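Nothing in this text is a laboratory measurement; each read-out follows from the coordinates by a stated rule. From a predicted model like this one, the values you see are computed outputs, not experimental measurements. Heads up, the Cβs are rebuilt from the backbone with ideal geometry, glycines too, and the neighbour counts pull from every protein chain shown.
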Amino acid sequence: MDWMRTNNATVETWDQRPTPHMQTQGGNKGVALEYMILLANKLKASPWFCMPHEASHDYVENFAKMVKEKLDPSLKVYVEYSNEVWNFQFEQSRYASRVGQGMKLSDDPFEAALSYYAKRSEEIFQIWEDVFGSSDRLVRVVAAQSGNPWTSEKILGFEKAHESADALAIAPYFGGDLGKPETQNQVARISLGEIMNRCRTHMAKGHRKVRAHAALAKKYGLALIAYEGGQHLVGTGGAENNPELTALFLAANRDPEMKTLYLQDLQGWKKAGGGLYTAFSSMGRYGKWGSWGLLQHENQDPATAPKYQAILEFMGKKPATGNPKP
């Protein structure tokens, strides 16, 4: 998703795609498909591709053709239309709403976005199926808002969109309520232990929502997976500029108790009916915009990375000492 610069994407046609010959793979267009396929083949890992929200039929077809030609045939391919089209902070959601209303799918802006998302997802899945000859190697993903199971019902029920999909994906984060601007000063003054307790309370509420999504996925014969997940301790709506709040959230992410929280969350996710879980994200610096990385940098000692330890333990692996191995 991030490598393809999916959020607010500007790519529409195949000739606009990033290529291996570009000066940098870190620009606004993102990373070339050739390199993404090369990495997937090297790791023997099934890639997850997000089609840009304004991508033409021709773009999607050529993208699928290159994947079929170059990807290890033993690997499956996860395909999704854009990212969080329910989330109006992104242009893809506003775009889907405009187009959906123009197509008379709904007069309500939010419902129009969800309906168009379901419709365009079906179209994109069909293109991939035509290129691959079947859906056998495909995992066709439709995503909904984790905190609002109604969005899953709306998307999956639109013109039988569930019949074209294989998985329902949500992002079951915990702790997001603590970063609201209206409560930032109050939260900034509470203890680290209280932050952990409030995360547990939020997590329990989230697991109830997971069970609701899982029931809908089962109703429609789909797997429930997580396209993102983990802690969501970050200030929003201006609260990101509160240094005391940011310092508290950074401390929580570095505290050993965060490992316990992650293990409880993963176990709760599994118990509630969740399957594949994509922890967001593998590596990244901590700051006022969030502490997303399991690791803060590539040379971090795993002994100082509680979230990284939790993920490995949950998968039945022992964290190595010293520098982490890829």
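Projecting the Cα atoms of His162, Trp3, Leu245 onto the charge dipole of the chain (Cβ charges, centred on the Cα centre) puts Leu245 farthest toward the positive pole.
When only alpha carbons of region 32-106 are considered, Rg and Dmax amount to 15.0, 46 Å.
For region 177-326, the dipole from Cβ point charges (+1 on Lys and Arg, -1 on Asp and Glu) about the Cα centre works out to 680 debye, to the nearest 20.
Over 26 Å apart at the Cα level, from the set Lys154/Lys307; Lys29/Lys65; Lys70/Lys154; Lys42/Lys76, are Lys154/Lys307; Lys70/Lys154. Note the angle between two axes, namely the Cα long axis of helix 243-254 and the longest principal axis of the Cα atoms of the chain, as a number of degrees from 0 to 90, rounded to the nearest 10. For 243-254 against the chain, the angle is about 80 degrees. At a threshold of 8 angstrom on Cα-Cα distance, excluding pairs fewer than six apart, so keeping six or more, what relative contact order does region 1-170 reach in percent? Normalised by residue count, the contact order of region 1-170 is 20 percent.
As a length-normalised measure over Cα pairs under 8 Å and 6 or more apart, the relative contact order of region 187-307 settles at 31 percent.
Taking amide H as placed 1.01 Å from N in the peptide plane, Leu138 has its amide H under 5 Å from the amide H of Val77, each at least 5 places away in sequence or on another chain. Beta bridges assigned by DSSP with both partners in the chain are antiparallel in approximately 5 percent of cases. Between Gln25, Gln101, Gln309, which gets the highest mean-square fluctuation from a Gaussian network model of the chain, Cα cutoff 10 Å? Comparing Gln25, Gln101, Gln309 in a Gaussian network model of the chain, the most mobile one is Gln25. Decide, for region 22-61, between rounded, prolate and oblate: order the square roots of the alpha carbon gyration tensor eigenvalues as a ≥ b ≥ c, take rounded if a/c falls under 1.5, and otherwise choose prolate if a/b is larger than b/c, else oblate. Oblate is the answer for region 22-61, as a/c is 1.5 or above yet b/c matches or exceeds a/b.
In this Cβ point-charge picture (+1 for Lys and Arg, -1 for Asp and Glu), the chain has a dipole of about 1000 debye about its Cα centre. In the chain, the longest principal axis of the Cα atoms and the axis of helix 192-219 are about 30 degrees apart.
The mean of 1/r over all distinct Cα pairs in region 119-244, once inverted, gives the Kirkwood hydrodynamic radius of 16.5 Å.
Any idea what the dipole of region 38-193 comes to, in debye rounded to 20, about its Cα centre with Lys/Arg Cβ at +1 and Asp/Glu Cβ at -1? Using Cβ point charges on Lys, Arg, Asp and Glu, region 38-193 gives about 480 debye. Across region 146-154, computed HN-Hα scalar couplings (Karplus, 6.51 cos²θ - 1.76 cosθ + 1.60, θ = phi - 60°) run 4, x, 9, x, 4, 5, 5, 4, 5 Hz from first to last residue, x flagging Gly and Pro. In terms of other Cβ atoms within 10 Å, Met315, Met283, Met4 run from fewest to most in the order Met315, Met283, Met4. Helices in the chain, meaning DSSP H runs of at least 4 residues, each add -39500 (n - 2.57). Divided by all residues, the mean residue ellipticity at 222 nm is -13500 deg cm²/dmol. Considering region 199-270, its Cα convex hull presents a mean projected area of 5.8 nm². Size check on region 132-202: the Cα extents along the three principal axes, sorted descending, read 58, 24, 18 Å. Grouping the Cα pair distances of the chain into 20 Å bins from zero gives a pair-distance distribution of 29, 60, 11 percent in increasing distance order.
Taking the empirical scaling 2.2 N^0.38 Å for compact globular proteins as reference, region 1-170 has a Cα radius of gyration ratio of 1.01. Pick out which of Ser152, Ser191, Ser282 has the largest mean-square fluctuation in a Gaussian network model of the chain, springs linking Cα atoms closer than 10 Å. Maximum among the listed residues: Ser191.
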